[in-house]
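Notes follow once the structure below has been shown.
The values are calculated or read from the model by the stated rules, or taken from the named source; none is laboratory data. It should be emphasised that the depicted structure is a prediction, and the values quoted were computed from it without experimental measurement. Cβ atoms come from the backbone with ideal geometry, glycine included; neighbour counts cover every protein chain shown. The area values use the complete protein model at the heavy-atom level, side chains included, leaving out ligands, DNA and RNA. Shrake-Rupley method; radii C 1.70, N 1.55, O 1.52, S 1.80 Å.
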Protein chains: 2
Amino acid sequence: MADYRELWQKLGMDLEKHDVLCEVLPQLYGGIYLNQENRPEGMNYYNFVVAEVHGLRIKELDDHKQQGGKVVGTFCVFVPDELILAAGAIGVGLCAGSQFWIEDGEKVLPRNICPLVKAFTGAKLSGTCPYFQSCDMIIGETTCDAKKKAWEILDDYVDTYVMDLPQMKREKDYKKWAEEIYDLKDKLEKLTGNVITEEKLHDAIKLCNRKRMALQRLYNARKALDLPISGKDALLISQIAFYDNPERFIEMTNALCDELEDRIKKGIAVNKKGSKRILISGTPMAVPNWKIHHIIETSGAMVVAEETCTGTRYFENLVDETPTTMDGMVKALADRYLKINCACFTPNKGREEDIIRLAKEYKADGVIYNSLQFCHTYNIEYANVEKALKEAGIPVLFIESDYSNDDVGQIQTRVEAFLEMIG
Amino acid sequence: MADYRELWQKLGMDLEKHDVLCEVLPQLYGGIYLNQENRPEGMNYYNFVVAEVHGLRIKELDDHKQQGGKVVGTFCVFVPDELILAAGAIGVGLCAGSQFWIEDGEKVLPRNICPLVKAFTGAKLSGTCPYFQSCDMIIGETTCDAKKKAWEILDDYVDTYVMDLPQMKREKDYKKWAEEIYDLKDKLEKLTGNVITEEKLHDAIKLCNRKRMALQRLYNARKALDLPISGKDALLISQIAFYDNPERFIEMTNALCDELEDRIKKGIAVNKKGSKRILISGTPMAVPNWKIHHIIETSGAMVVAEETCTGTRYFENLVDETPTTMDGMVKALADRYLKINCACFTPNKGREEDIIRLAKEYKADGVIYNSLQFCHTYNIEYANVEKALKEAGIPVLFIESDYSNDDVGQIQTRVEAFLEMIG
């Protein structure tokens with residue numbers, strides 16, 4: 001691994017603290033990922049990305065900035081990557097999944113809020129996330145109370161722009177969201193000094209759709225009864241999609257899918273015969289939060305899909321590529337993004353339908369509903385989801401958890417009991 | 001006290017459970033309110049209202065319903081009472097402040113959310129709140145995640161309409177809020193079968209402004225160094241404002257204010273010389289949540305004002321009475337209501353300015369920032385409020401609490417230490 005200390009220093013990072021983080025991650029990854037048997041060859045690329053997580057990609061961001069380019073951080077699947085790309089900027093997903101950052105986040109935020117929000121805030125405050133340090137601006141949104149108010153605190157540390165997501169999906173809300181997309185366009189044009197032309201936006205729409213199609217292809221492979229890839233590996237790939245170079249990511253993911261489809265033909269599986277198939281539904285799992293997947297897949301079951309922001313909500317539904325005028329494309333973006341069934345909407349019946357549909361498509365034996373601790377929207381929404389799943393005859397287990405390891409034993413026990421129950 | 005059991009039965013209430021509640025409240029009220037020395041004579045009316053809290057007013061609601069009128073429940077100072085009145089309906093504030101309802105709320109809601117939301121949900125589910133039982137419809141809003149998602153659950157028990165409050169205060173958000181007000185107008189017209197005419201709406205605007213002016217007059221009296229009324233009593237009056245008959249409330253509150261202004265002239269005070277003056281800032285205190293006021297006022301200090309939804313946010317700023325067209329009045333309503341500085345907005349600098357201004361106007365020696373447990377918006381916003389108050393040289397104490405008595409001793413110790421510190 002190349003020496004990136006000079007680069008990190010330039011980004012104003014706390015090198016000593018960052019060294020501690022750099023020691024933790026390989027151990028964690030090795031224990032969870034590299035022990036898996038019969039992994040696809042194509043996972044080597046993602047191993048490499050993880051090994052270089054604070055190196056090569058950060059160097060690429062730096063090169064881009066050296067040439068006058070901008071880097072923009074995002075935290076939510078509602079922020080349209082297409083605009084960032086069309087403005088000639090690089091977008092990186094900054095949602096943080098490590099307990100490492102919680103302590104620093106709690107210096108400015110209450111303890112009893114979502115770990116994801118505490119972690120990304122702590123990542124910035126501690127100066128230990130080179131992605132965050134590379135950002136010229138971050139784009140927040142009003143999807144939940146904790147994030148909405150955390151932007152006001154982060155704004156003291158980095159230029160923070162906030163999109164106001166409507167909380168409903170009426171016709172006027174689609175128009176309102178289109179307005180917000182137009183406002184973001186203006187903001188990005190000002191930040192980058194580049195004009196977002198119709199051609200550039202259309203190209204970006206096509207590029208993001210290709211990325212979505214690659215992820216759809218990956219997920220399709222998981223519908224096979226002989227699973228060609230573990231849930232853990234698929235989750236990692238989704239997580240990497242948020243910050244990798246899009247063209248390279250598409251290429252490598254499609255190459256992996258070639259291998260997976262070949263495996264399916266040949267009946268090469270990572271699962272044992274008869275292992276239970278689990279659909280995960282709930283809150284995002286930001287890298288390196290692999291906790292629930294690891295518990296499930298070391299309990300003899302397999303995760304076959306994730307109805308989460310780091311799963312199907314990220315890549316389902318393409319943007320309509322037909323429109324080529326600015327108005328038409330902005331409307332197409334608004335339509336695609338506002339269709340995402342996040343628990344931040346009221347009502348949100350569409351999500352119940354999604355979960356039931358996905359459980360069938362992926363032949364899941366049960367659903368594990370995973371909510372980050374103190375995430376009110378997903379947490380409260382569980383009551384109605386549970387009712388709908390019971391009516392559909394689909395077993396479901398509710399887990400609320402944070403990033404610590406304190407509850408791993410307890411969750412393991414509950415997961416094992418659930419797997420026996422649905423046996 | 002008259003026998004209202006028949007009426008309660010008609011409302012589908014759980015009479016046995018309600019009896020338990022009816023036993024608790026007088027004890028609580030007696031201990032906290034009736035022990036106060038030197039109370040104004042005018043408080044007798046509010047004593048009477050409390051004694052008849054589930055009786056006389058419920059009878060009035062029933063009489064109104066007998067004549068074909070509708071009753072509408074609300075939970076937030078953003079919902080314009082003017083429209084409800086103009087539609088010939090009666091509006092009642094349903095925010096609930098008793099630990100009694102928490103257990104039933106937790107049957108359908110997570111434990112780790114705001115007690116106010118759990119309490120009003122439990123009040124409905126348990127069938128022990130005759131106000132809730134009297135409602136033909138409730139009007140929710142998207143001011144926080146917990147409420148936003150609780151409406152979906154309550155909708156199974158009572159017709160629930162939700163207004164989508166913008167999360168920002170840009171020019172377009174004022175327009176959007178005006179649209180929501182128009183939508184509510186349609187909904188109320190359908191519910192009641194009455195047309196909201198320009199004349200009726202204008203009358204309702206004037207009525208609500210008179211109620212606001214009565215409360216402003218009450219609060220003005222609290223600016224006197226010789227306090228003519230305790231903070232506890234003032235809080236009770238604000239709480240009663242949410243469900244009492246508006247005309248009667250205005251009359252009785254103005255009569256009380258005559259007495260208070262006379263007391264100020266004569267130097268009749270409820271406080272001891274030199275007692276510390278405290279401004280409360282934070283989340284609403286729904287009836288019968290008198291916990292923090294009682295702790296402060298039994299620790300030798302006095303509460304002189306509340307920058308809360310059951311305080312200044314409820315009555316500051318009148319609706320402009322100049323417009324008489326529907327468009328003009330709806331715009332005037334949108335302008336007045338969206339000016340309220342709730343922590344649900346981002347950014348919300350106006351609230352910092354309000355707190356500093358109120359601390360000066362009421363000659364407060366310190367601010368006690370009170371946040372309901374798990375209220376993310378007020379809880380997170382504290383960081384920036386604290387900073388602003390420190391810069392302004394105003395001492396502040398942060399308290400996060402729920403409706404239980406478990407933390408009373410601990411809060412008392414912290415309040416006493418704070419009062420000594422600012423001495």
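Solvent-accessible surface of the range A:243-396, averaged per residue with a 1.4 angstrom probe and all protein chains in place: 35 square angstrom.
Under the combined filter of DSSP loop state and at most 12 neighbouring Cβ atoms within 10 Å, the range A:289-396 retains these GluC sites (Glu not before Pro): A:Glu321.
Selection among A:Tyr378, A:Leu333, A:Tyr314 by position relative to the dipole of the range A:245-389 gives A:Tyr378 as farthest towards the positive end (Cβ unit charges, Cα centre). Estimated from the Cβ-Cβ distance and a Förster radius of 22 angstrom, the FRET efficiency linking A:Lys339 and A:Lys175 is about 0.90. Charges were assigned to the Cβ only: +1 to each Lys and Arg, -1 to each Asp and Glu. The resulting dipole of the protein assembly as shown about its Cα centre is roughly 60 debye.
Can you give the longest stretch of chain A with no exposed loop site, where a site means trypsin sites (Lys or Arg not before Pro) in a DSSP loop (not H, G, I, E or B) with at most 15 other C-beta atoms within 10 Å? The answer is A:1-106. Between this copy and the others, label points of B:Leu56 are 7.9 nm apart in ascending order, each placed 7 angstrom from Cα in the Cβ direction. Our summary gives chain A a relative contact order of 18 percent, counting only alpha carbon pairs under 8 angstrom and 6 or more residues apart. Look at the stretch A:379-390: the mean tally of other chain Cβ atoms within 10 Å of its residues' Cβ atoms is 4. Within the assembled protein chains, the solvent-accessible surface assigned to B:Trp8 is about 20 Å², based on a 1.4 Å probe.
Dividing the convex hull volume of the alpha carbon atoms of the range B:15-77 by its residue count, what do you get in Å³ per residue?
With only Cα atoms used, the range B:15-77 gives 135 Å³ per residue.
Placing a label point 7 Å from the Cα of B:Lys175 along the Cα-to-Cβ direction, the distances to the matching points in the other copies come to 0.9 nm, shortest first.
Contact residues in the range A:337-352 by the 30 Å² criterion (accessible area, 1.4 Å probe, full protein complex versus chain alone): A:Thr346. The H on the amide N of B:Val396, modeled in the peptide plane, is under 5 Å from the matching H of B:Val367, each at least 5 residues off or on a different chain.
What does the charge add up to near B:Lys223, with Lys and Arg as +1, Asp and Glu as -1, over the other residues with Cβ less than 15 Å from its Cβ? Cβ neighbours under 15 Å give a net charge of +1.
Measuring from each Cβ of chain B to the axis carrying B onto A, the nearest residue and its distance in whole Å come out as B:Asp145, 2. Take every Cα pair under 8 Å whose residues are at least 6 apart in sequence, average their separation, divide by the length of the range A:25-170, and the relative contact order is 20 percent. When A:Arg5 is represented by a point 7 angstrom out along its Cα-to-C-beta vector, the spacings to that point in the other copies are 8.4 nm, nearest first. The accessible surface of the range B:121-277, taken with every protein chain in place and a 1.4 Å probe, is 50 percent carbon and sulfur.
Within the range A:150-171, the residues that become at least 20 Å² less accessible when every protein chain is included than when their own chain is isolated (1.4 Å probe; DNA, RNA and ligands ignored) are A:Glu152, A:Ile153, A:Asp156, A:Val162, A:Asp164, A:Gln167, A:Met168, A:Arg170. When accessible surface is computed with a 1.4 Å probe, chains B and A are found to bury approximately 3600 Å² between them, both chains counted. Rounded to the nearest 20, the Cβ-based charge dipole of the range B:365-405 about its Cα centre (Lys and Arg +1, Asp and Glu -1) stands at 80 debye.
With the full set of protein chains in place, find how many percent of the accessible area of the range A:283-423 is carbon and sulfur; take the probe as 1.4 Å.
C and S fraction of accessible area: 52 percent.
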